[in-house]
Amino acid sequence: MSARRLSVDPLSAAGRLLGATLVGRGVSVMIVEVEAYGGPEGQPWPDAAAHSYRGVGGRNAVMFGPPGRLYTYRSHGIHVCANVVCATDGVAGAVLLRAVAIESGADVAQARRGESVRPAALGRGPGNLCSALGITMEDNGIDLFDGQSPIQVTLGGKRDGVAGPRVGVSKAADRPWRMWLAGRPEVSLYRRSPRAPAPGESD
DNA sequence: GGTAAGATCAGC
DNA sequence: CTGATCTTACCT
């Protein structure tokens, strides 16, 4: 089982997921943009921006479980976002999927997103990506390496990733834990969270 | 028991 | 820039 290849720190796992293939629900995509997230103080990668920072809670239990599972959460009460869990059982770590390039099933993705959405934007953004792939909160915790799962991942692919600061977070906003494939039109434009302190400020 | 903020997105 | 919409965490 190659979920073992995700038994590493979040940034390394992010690098391994870049260029990987995700298949399920009539669509096949390549991952082109991700963000790494750590865990609480006292664990290997304390990360104030992570959902797991305050310890195991209601929604984030999957983040503390074994690698290779899907961790979904609802954002702003509206969108669903998806992470791939990394590290080891008991240690929190995950990689947020931020953008994908549709390889096949673009018609299915287009139907889910709406006919007016441009092709490069079909899988751009964490919420949009889940919409395009048909991922819902029902999928929280599924094993992406299990052939029975509705969504499955295959590692291996490009390794020419570029790193920069994370998008949307108000804490630890300067940490360069976002990675993407340079030149890909599906990658979202960087914009700092309006709630984040000025660059370089401690928080 | 109340409230504010949030790993977002689309439309002005 | 703002509204939509709801869950969680933290406060009194």
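What to note about this one:
- Some residue of region A:71-78 being more than 13 Å from the chain's Cα centre (by Cα), more than 17 Å from residue A:143 (Cα to Cα) and of a type in the set (A, V, I, L, M): yes
- Looking only at region A:24-51, and only at residues there that are of a type in the set (D, E, K, R) and farther than 23 Å from residue A:184 by Cα, the one that is nearest to DNA strand C (Cβ to nearest atom): A:41
- Test for residue A:119: is it more than 16 Å from DNA strand C (Cβ to nearest atom), modelled with pLDDT of 95 or more and not aliphatic (A, V, I, L, M): yes
- Looking only at region A:164-185, and only at residues there that are surrounded by 15 or more Cβ atoms within 10 Å (Cβ to Cβ) and free of Cβ contacts under 8 Å to residues at least 40 places away in the same chain, the one that is nearest to DNA strand B (Cβ to nearest atom): A:168
- Residue in region A:189-198 that is among the hydrophobic types (A, V, I, L, M, F, W, C), surrounded by 15 or more Cβ atoms within 10 Å (Cβ to Cβ) and at pLDDT 80 or above present: no
- Strands (runs of 3 or more DSSP E) fully within region A:51-138 counting 3 or more residues that are touching a residue at least 60 places away in the same chain (Cβ under 8 Å): A:70-75, A:94-104
The values are calculated or read from the model by the stated rules, or taken from the named source; none is laboratory data. Source: prediction; values computed, not measured. Backbone-built Cβ (ideal geometry, glycine too); neighbour counts: all protein chains shown.
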